[in-house]
C-alpha cells in the first residue's frame, strides 16, 4: 500500500489532550464510543492510525468474547487519506494481529453511501481473500423537518379513553425498572429498548403511553448528531397494537420535535427486525420525503 500507515493501540494508556481531541473529531458520531473506550478499555479498543508520525485516522474495535468475534465499528480517516487503500490495509493488519485460537471471525461495519464506488472495489478485493459478501444491517433516511408533510397533520390522531401521552422526562424510577425487566424477559428486542444507547433517549421528544398507570408503549428517539434526531425505537405492548397507536406516537414525537431548534429527523429500517407496521409507515410517509439515505453494511471473514 502506498500510504504506509502505522497503527498504535491507544485505549490502554494516557493520551494527550490535543491528540484526544483530534481522535474525537476523526471519530465523528462515534465520539461517544471513543470516550467509553478510554473510560473502560474492556468495552472497546482504540487504534490511532499514523502516517509520518501524524495522526490521520482512528479505529474503534469491539470484542464479543462469547462469540469469539471482533468487530470494527468505526474506521475513519482524514480527507487526504485514500479510503479504499487505507481500509484494506487496516483490515489486513487486524487479520494478522488476531490470534485465530482466541477469535473466530472479524467483522467490519461501514457506510456504503459515503463511498459508493470504492465500496464495490472493497468488496471485490476482500472476496479474493476469503471475506463474505456484504450484508445490509440498516438503512437511514433523513428529512428536513420544516418541509415534512404528514398525512395526519390536518386530522390529528386521538387516543382511546384512558390512554395518555407522557414526556419521557416524567418516567418514574419504578417504570424504568419494569422496562428493564421487560427486556430481560424478552417482551421486546434490544433495538426498541429506550436505553440501548449509553446517552439514553433524546428528552426533547421521546414520548411514552400510559394506560391505567402502566407504560404500554413509547417512541424513544435518540440524538444522531447536533442537527439530527433519530426515530428508531417504536414499541407497543401486544395488547395495544390493534388500536392504531403507532401513528399517534409518531405524531406526538414529531410535534415535540417541531418545537425545538433541531432541523433534521432520521428514520431507521432494520431489514431483519423491523415491524411490518413500522416499515409501512416509514416507506409510505418518510422515505419519499428524505433528502438523503445511508446504507450500513458489514462484511466478515472467518479467521
| field | Check on residue 118, in contact with a helix residue (DSSP H, G or I) (Cβ under 6 Å, 6 or more places away or on another chain) and in a helix (DSSP H, G or I) | value | yes
Residue pairs qualifying under the 7 Å Cβ cut-off, at least six apart or on distinct chains, with the first in region 94-119 being over 20 Å from residue 47 (Cβ atoms) and the second being surrounded by fewer than 12 Cβ atoms within 10 Å (Cβ to Cβ), are 104/302
Problem - Selection status of residue 294, touching a strand residue (DSSP E or B) at 6+ places or on another chain (Cβ under 6 Å), within 25 Å of residue 211 (Cα to Cα) and touching a residue at least 12 places away in the same chain (Cβ under 8 Å) - result: no
Against the definition (touching a strand residue (DSSP E or B) at 6+ places or on another chain (Cβ under 6 Å) and assigned to a helix (DSSP H, G or I)), how does residue 202 come out, yes or no? no
Of those in region 224-282 that are more than 22 Å from residue 146 (Cα to Cα) and either free of Cβ contacts under 8 Å to residues at least 12 places away in the same chain or not assigned by TED's automatic domain parsing to the domain that holds residue 191 (or both), the residue surrounded by the most Cβ atoms within 10 Å (Cβ to Cβ) is 274
Subset of region 183-199, residues modelled with pLDDT under 90, part of a helix (DSSP H, G or I) and surrounded by 13 or more Cβ atoms within 10 Å (Cβ to Cβ), comes to 191, 192
Of the listed residues (43, 55), the one being within 23 Å of residue 89 (Cα to Cα) and in contact with a helix residue (DSSP H, G or I) (Cβ under 9 Å, 6 or more places away or on another chain) is 55
Exactly one of 43, 26 is under 20 Å from the mean Cα position of the chain (by Cα) and modelled with pLDDT under 85, and that residue is 43
Considering region 146-156, residues that are more than 19 Å from residue 283 (Cβ to Cβ) and in contact with a helix residue (DSSP H, G or I) (Cβ under 9 Å, 6 or more places away or on another chain), and then whichever is modelled with the highest pLDDT, we arrive at 146
For region 169-182 the number of residues that are out of contact with any strand residue (DSSP E or B) (no Cβ under 6 Å at 6 or more places or on another chain), within 17 Å of residue 219 (Cβ to Cβ) and assigned to a helix (DSSP H, G or I) is 5
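The values are calculated or read from the model by the stated rules, or taken from the named source; none is laboratory data. Not measured: the values here are computed from a predicted model. We place every Cβ from the backbone using ideal geometry, glycine too, and count neighbours over all the protein chains shown.
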